[in-house]
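The values are calculated or read from the model by the stated rules, or taken from the named source; none is laboratory data. All values reported here derive from a predicted model rather than from experimental measurement. When we count neighbours, we look across all protein chains shown, and the Cβ atoms used for this are built from the backbone with ideal geometry, even at glycine. Only protein heavy atoms, including side chains, enter the accessible area calculation; ligands, DNA and RNA are left aside. Shrake-Rupley method; radii C 1.70, N 1.55, O 1.52, S 1.80 Å.
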Amino acid sequence: MFIQTEATPNPATLKFLPGREVLGEGRAADFPTREAAERSPLAMRLFAVENVAGVFFGSDFITVTKSGGEWQHLKPALLGAIMEHFTGGAPILFASAEESAHADGNGENGEIVREIKEILDTRVRPAVAQDGGDITFQGYEDGIVFLNMQGACAGCPSSTVTLKRGVENMLKHYIPEIVEVRQV
């Protein structure tokens, strides 16, 4: 098994490409803490490596965020943990941990929420996944869209620019009712 690594725009986060499906198309799972990792054998294994502060799974990649240390010291242990997991055949997530990437959002704004989710899924999330992250819908109220940035996007120095200049402008272009996008 050959695992590639890629730098991300966030210097504290590294992207691992195991050359196989991790969660599958359109799916993601964020583990911002060691406690959150309890729903994933692979995330628990990665958090066992010293200085791991966050883990994120995308369709075919894994991003790891560090709290300290140098990548040249952390990378071998992380590569070993990922390889052991995939060769051992354990599940990525426990069956009870399956969930939707986006929060629900029906009701009186159901049509707008559906359009927001469609734009996020078809135009935004694939682009953000290339950088090792994800953006998910969390809510819509009075023209304001609330989004959650995950993986390499969480804490990235350029995430505010991406959110305001990229995502907000795109959503405003396609959905005139939107006045602002905010990160939660």
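Please state which one of Val167, Val145 is modelled with pLDDT of 85 or more, surrounded by 17 or more Cβ atoms within 10 Å (Cβ to Cβ) and part of a helix (DSSP H, G or I). Quick ask: steps written out before the conclusion?
Values: Val145 fails: part of a helix (DSSP H, G or I).
The match here is Val167.
Could you tell me whether segment 116-133 includes any residue that is assigned to a strand (DSSP E or B), touching a strand residue (DSSP E or B) at 6+ places or on another chain (Cβ under 7 Å) and not hydroxyl-bearing (Ser, Thr, Tyr)? Among the residues of segment 116-133, at least one is assigned to a strand (DSSP E or B), touching a strand residue (DSSP E or B) at 6+ places or on another chain (Cβ under 7 Å) and not hydroxyl-bearing (Ser, Thr, Tyr), which makes the answer yes.
Suppose we filter Thr33, Thr13, Thr5 for residues that are more than 11 Å from Val64 (Cα to Cα) and touching a strand residue (DSSP E or B) at 6+ places or on another chain (Cβ under 9 Å); which single one remains? So that I can check it myself, show each step before the final result.
Working: Thr13 fails: more than 11 Å from Val64 (Cα to Cα); Thr5 fails: more than 11 Å from Val64 (Cα to Cα).
Criteria check complete, one pass: Thr33.
Only strands (runs of 3 or more DSSP E) whose full extent lies in segment 1-99 are considered here, and the ones with at least 2 residues that are under 16 Å from Cys153 (Cβ atoms) and open to solvent by less than 20 Å² (accessible area, probe 1.4 Å) are 13-17, 29-31, 52-57, 62-66.
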